[in-house]
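Enquirer: Please see the structure below; I have some questions.
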Amino acid sequence: MTEHTKIWHWYSSIFLILVLVVNIYRILSNVSENTRISDPPLIRNVKWNDINFVHTTDTHGWYSGHINQRQYDANWGHFVSFTKHLKDLAHSKKQDILFVDTGDRHDGNGLSDITTPNGALSLPIFIKQEYDLLTVGNHELYEWENSKQEYDIVVQHFQANYISSNVEIKLDNGTYVPVGQLYKYFVTPIKKAKVLSFAFLFDFTRNNPFTKVTPIREVLNQDWFKKTLLEFPPEKVDLLVIFGHIPVSHNDEELFQLHQFLRMYYPTTKIQYFGGHSHIRDFSVYDENLTGLQSGRFCETAGWLSINLTAEDGLQSSDQIKRTFSRSYIDFSLKSFMHHSNISTIEEFNTNQGLMVSKQINDTRKELNLDQIIGHVKKNNYFMDYVPLESPKSIYTLITKRILLALESTNKNISLSEERLIIINTGSIRYDLYKGPYTVDTQYIISPFENDWVKLTLPKSIAVKIAPILNRREYIADANDVNNMKLLPEHQYSQIIKGNYMHLNNPIIEDLDQTILRYPIPERFTSHLASNANKGKSKGYVTHDDFGHDGDDTLHRAVVNYPITNVVQAEQLSESSNDADVDVIFYNFITPNVLWGLKEIGYEQDVSDNIEFYSDKYLGLLLNEYIKDHDI
Ligand SMILES: *[C@@H]1O[C@H](CO)[C@@H](O)[C@H](O)[C@H]1NC(C)=O
Ligand SMILES: *[C@@H]1O[C@H](CO)[C@@H](O)[C@H](O)[C@H]1NC(C)=O
Ligand SMILES: *[C@@H]1O[C@H](CO)[C@@H](O)[C@H](O)[C@H]1NC(C)=O
Ligand SMILES: *[C@@H]1O[C@H](CO)[C@@H](O)[C@H](O)[C@H]1NC(C)=O
Ligand SMILES: *[C@@H]1O[C@H](CO)[C@@H](O)[C@H](O)[C@H]1NC(C)=O
Ligand SMILES: [Zn+2]
Ligand SMILES: [Zn+2]
């Protein structure tokens, strides 16, 4: 063979291989095209009815959307466009639509938390969305500056639509007034439905002294409340809307009392609850004419609820409820928003007002320098609970095995031991850490809390017992209100509460049609994760609620929330003896839990005076430094 023919042979075989590859590719892609066509659509439609609601809660400043997570790519400007289209659609269907928010608008995102006071630049963005009903969350009440700001910016903007039936604020002249209105009575514009509405915050006690929270059970006995109910008897009320910053869980004692009370005045009136605070998607059936919706957290979810005002009675109760009420959890994504708006191009979707809000977000981010890159997350996503606690992809592993080891004392006046334990409550982490640029914003997303570290030196035999005792799961409510389970992230805590409820014999639930409330939980671990049916689906919520598991608009591969402990710890111990000194380091705010734990262990010495300031370099700052200098 000449050199030429050799090369020619070469070329022709490569050509043949290429043809083969292209054909195989064609065949394969045809197959997948075909399966795609026969697949069900990946977004479930919402059900429209006489009155439709869109509900947000616990937005915590996430108005920029989820920059490192494409499945929640919509920002607040897109939401503003979305609700405009929904309103147009509702009116073209001769139906009503109402927008509701149930509080917690900062603590969780750079956009809200980098300013002083936090919320100063994010609330002006939030209020660009129209709301018919909105109320206050506990995060508006920790600091006085935040309460004042809520009153000055949000209450003044929404006026009669801002309701709080049990939270008051102190004016400059010393008088307490409700944050907003005590209630709202109105007639809907299209269906002319008469609606009476109240708003409640759960029994919150850590509010600043210039605000007052009256527990629901006390409001039930207040004259103004009873007078209002009598002023609007059942014939004047087609629908009661009770919304607030309180989880819609079945074993919530406060909602239970409220429910009993309201039913004395309104035995058969339709009632709808909207709740929040525990950061989950949830829907509860309380009785045949009363359901509750809770719409997640962090601009991951826009809750949808619709009510048929004329649904007939006389059917089996489960059918009856499902004919009257319908719920969906809409992913906070452009894909979902455009789908439900019945609009296919982004140009048509964005309204002028929506674009203005997006621009305001962009400008604010620039002004606050939120996109300044500190480092990069390249190797993994680090999850709070989508992986077991021991996994290298657990954010807690990252924190205890690496980040916390860099903590140093900034207090020169204390003596340090050779060995140390650093205990941190898992609720100090607010969100997963996703691959992508790690920016100024990310620090606030992962851990916005600016706590001081403190140190207590103890014999090793005692020190090593603290974390295990804090991780015990029984409910403790001692005189100092120490409940160790509250050291968990909100959504983990609420799962425990919901799990407990399964073991309680709640009389309301026993009365109801079992098929509604006792849907079997599908095999999430096996079928959902492994099955072929998950092709093309992103990981996300598959919510199990009282109507089953078809509520999520976007079909996801189910994420599994693994149980995590109340606290985790970084260990820097050696082979020393059991009575060697060990420095136990923890955030100052869990001091009551640690002192409780020591008593529980049987350590009788009073150590409360031995707790010393250790460092003010809180977790967010440690994360920044570590990620700046390391590949993770
Ligand atoms: C304080 O101001 C509010 C609102 O202006 C008013 O309603 C209230 O009567 C005042 N209270 C006193 C004690 O002056
Ligand atoms: C639910 O509401 C309907 C319509 O108002 C009424 O006929 C029915 O009795 C109510 N059901 C219960 C259990 O109160
Ligand atoms: C509401 O219920 C009534 C009575 O069952 C029914 O005729 C009507 O079609 C329902 N409306 C919607 C929008 O589903
Ligand atoms: C969606 O829009 C198309 C075209 O604009 C229209 O024909 C169709 O009826 C709409 N669908 C719904 C459910 O409104
Ligand atoms: C806001 O910034 C994003 C990302 O840089 C960009 O895609 C978008 O077009 C901007 N929006 C407006 C309204 O300026
Ligand atoms: Zn919250
Ligand atoms: Zn809350």
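Enquirer: Quick one: in the stretch 283-304, which of the residues that are open to solvent by less than 10 Å² (accessible area, probe 1.4 Å) and within 11 Å of the chain's Cα centre (by Cα) is nearest to ligand 2 (Cβ to nearest atom)?
Expert: Across the stretch 283-304, the extreme among qualifying residues is 294.
Enquirer: Considering every residue within the stretch 202-213, establish whether at least one is more than 16 Å from ligand 7 (Cβ to nearest atom), of a type in the set (Ser, Thr, Tyr), surrounded by 13 or more Cβ atoms within 10 Å (Cβ to Cβ) and not in a helix (DSSP H, G or I).
Expert: No, every residue in the stretch 202-213 fails to be more than 16 Å from ligand 7 (Cβ to nearest atom), of a type in the set (Ser, Thr, Tyr), surrounded by 13 or more Cβ atoms within 10 Å (Cβ to Cβ) and not in a helix (DSSP H, G or I).
Enquirer: Just checking, how many residues over the stretch 315-342 are in a loop (DSSP other than H, G, I, E, B) and surrounded by 17 or more Cβ atoms within 10 Å (Cβ to Cβ)?
Expert: Within the stretch 315-342, residues that are in a loop (DSSP other than H, G, I, E, B) and surrounded by 17 or more Cβ atoms within 10 Å (Cβ to Cβ) number 2.
Enquirer: So which pairs qualify, if the first residue must be in the stretch 152-176 and farther than 28 Å from residue 217 by Cβ, the second must be of a type outside the set (Gly, Ala, Ser) and in a loop (DSSP other than H, G, I, E, B), the Cβ gap must be under 8 Å, and the two must be at least 6 apart or on different chains?
Expert: Partner pairs satisfying both residue conditions: 153/127; 157/127.
Enquirer: Name the residue that is nearest to ligand 3 (Cβ to nearest atom), counting only residues in the stretch 261-280 that are out of contact with any Leu (no Cβ under 9 Å at 6 or more places or on another chain) and under 24 Å from residue 323 (Cα atoms).
Expert: 268
Enquirer: A further question on this structure: Got a sec? Which of 127, 153 is away from ligand 5 (no atom under 16 Å from the Cβ), β-branched (Val, Ile, Thr) and open to solvent by less than 40 Å² (accessible area, probe 1.4 Å)?
Expert: 127
Enquirer: Can you tell me which residue is modelled with the highest pLDDT among those in the stretch 255-272 that are buried (at least 19 other Cβ atoms within 10 Å of the Cβ) and away from ligand 2 (no atom under 16 Å from the Cβ)?
Expert: Among residues in the stretch 255-272 that are buried (at least 19 other Cβ atoms within 10 Å of the Cβ) and away from ligand 2 (no atom under 16 Å from the Cβ), the one modelled with the highest pLDDT is 258.
Enquirer: Could you look through the stretch 90-124, keep only residues that are part of a helix (DSSP H, G or I) and of a type in the set (Gly, Ala, Ser), and pick out the one that is surrounded by the fewest Cβ atoms within 10 Å (Cβ to Cβ)?
Expert: 92
Enquirer: What is the number of the single condition among (1) within 16 Å of ligand 3 (Cβ to nearest atom); (2) over 19 Å from residue 272 (Cβ atoms) that residue 96 does not meet?
Expert: (2)
Enquirer: Of the residues that make up the stretch 365-388, is at least one hydroxyl-bearing (Ser, Thr, Tyr), more than 26 Å from the chain's Cα centre (by Cα) and outside any strand (DSSP E or B)?
Expert: no
Enquirer: Same structure again: I'm checking my understanding of the structure. Among residues of the stretch 554-585 that are in a loop (DSSP other than H, G, I, E, B) and of a type in the set (A, V, I, L, M, F, W, C), which one is most open to solvent (accessible area, probe 1.4 Å)?
Expert: If we take residues in the stretch 554-585 being in a loop (DSSP other than H, G, I, E, B) and of a type in the set (A, V, I, L, M, F, W, C), then 573 is most open to solvent (accessible area, probe 1.4 Å).
Enquirer: Anything in the stretch 234-251 that is open to solvent by 30 Å² or more (accessible area, probe 1.4 Å) and either within 16 Å of ligand 2 (Cβ to nearest atom) or within 12 Å of residue 273 (Cβ to Cβ) (or both)? List them, or say none.
Expert: Passing the criteria: 234, 235, 236, 238.
Enquirer: Pairs, please: C-beta under 9 Å, at least 6 apart or cross-chain, first residue more than 29 Å from residue 370 (Cα to Cα) and in the stretch 90-109, second within 16 Å of ligand 7 (Cβ to nearest atom) and not small (Gly, Ala, Ser)?
Expert: Going by the 9 Å Cβ cut-off, the qualifying pairs are 99/55; 99/56; 99/134.
Enquirer: Which of the residues that make up the stretch 593-632 are in a strand (DSSP E or B) and open to solvent by less than 50 Å² (accessible area, probe 1.4 Å)?
Expert: 614, 615
Enquirer: Kindly indicate whether residue 278 is touching a residue at least 60 places away in the same chain (Cβ under 8 Å) and buried (at least 24 other Cβ atoms within 10 Å of the Cβ).
Expert: For residue 278, the condition - touching a residue at least 60 places away in the same chain (Cβ under 8 Å) and buried (at least 24 other Cβ atoms within 10 Å of the Cβ) - is met.
The values are calculated or read from the model by the stated rules, or taken from the named source; none is laboratory data. What you see is a predicted model, and the numbers here were worked out from it, not measured in a lab. All Cβ positions, even for glycine, are placed from backbone atoms using ideal geometry, and neighbour counts span all protein chains on display. In case anyone asks, the SASA skips ligands and DNA or RNA and just uses the protein heavy atoms, side chains included. Shrake-Rupley method; radii C 1.70, N 1.55, O 1.52, S 1.80 Å.
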